[in-house]
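Below is one structure, written out as structure tokens, with a few remarks after it.
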Amino acid sequence: MKVTSYISEAFTELKENVTWPEWAEVQRLTIIVAVFSMIFALITFGIDRGFEVAVAKLYAFLKN
């Protein structure tokens with residue numbers, strides 16, 4: 001009984017008391033998040049690739 005009451009109250013809260021952003025703002029912010037996510041992914045890939053090359057060169061140096 002408590003769980004269903006809690007869920008019902010949560011949905012009522014979302015409908016009546018939450019201020020939702022306009023659709024245009026949602027789209028703009030989604031694009032910003034997507035762009036920064038891609039930039040962060042590329043930076044992470046670059047750093048990972050750099051470490052991969054550095055470790056491969058270190059092992060090649062130590063092998064000789």
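Compute the distance in nm between two label points, each set 7 Å from the Cα along the Cα-to-Cβ direction, one at S5 and one at I31.
According to this spin-label approximation, the distance is 4.7 nm.
Compute the convex hull volume of the Cα atoms of the chain, divide it by the residue count, and report the result per residue in Å³ as a whole number. Spell out each step's value before the answer.
On the way: hull volume 8.2 nm³, N = 64.
Expressed per residue, the convex hull around the Cα atoms of the chain is 128 Å³.
Top mean-square fluctuation among T19, T44, T30, Gaussian network model of the chain, C-alpha springs under 10 Å?
In this elastic network of the chain, the residue with the biggest mean-square fluctuation among T19, T44, T30 is T19.
Could you provide, to the nearest whole Å², the per residue accessible area of the chain with probe 1.4 Å? Write out the running numbers ahead of the final one.
Details: 6400 Å² over 64 residues.
That works out to 100 Å² for each residue.
Per the 1.4 Å probe, what fraction of the accessible area of the chain, in percent, lies on carbon and sulfur atoms? All intermediate terms of the calculation are to be shown ahead of the outcome.
Values: 4530 of 6400 Å².
Taking all protein chains in place, the chain shows 71 percent carbon and sulfur surface.
Apply the Karplus parameterisation 6.51 cos²θ - 1.76 cosθ + 1.60, with θ equal to phi minus 60°, to every residue of region 8-14 and state each ³J(HN,Hα) to the nearest whole Hz, in sequence, with x for glycine and proline.
Listing the rounded values in order: 4, 5, 5, 5, 4, 4, 5 Hz.
Report the gain in length on full extension from K57 to F40: 0.36 nm times residue separation, minus Cα-Cα distance, nm rounded to one decimal. All intermediate terms of the calculation are to be shown ahead of the outcome.
Numbers: separation 17, 0.36 × 17 = 6.12 nm, distance 2.58 nm.
Result for the pair: 3.5 nm of gain on full extension.
So how tilted is helix 23-63 from the main axis of the chain? Cα-based, degrees 0 to 90, rounded to 10.
20
The values are calculated or read from the model by the stated rules, or taken from the named source; none is laboratory data. Owing to the predicted nature of the structure, the values given are computational and were not obtained by experimental measurement. Here the Cβ is made from the backbone with ideal geometry for all residues, glycine too, and neighbour counts use every protein chain on show. The accessibility values were calculated without ligands, DNA or RNA, using every heavy atom of the protein model including side chains. Shrake-Rupley method; radii C 1.70, N 1.55, O 1.52, S 1.80 Å.
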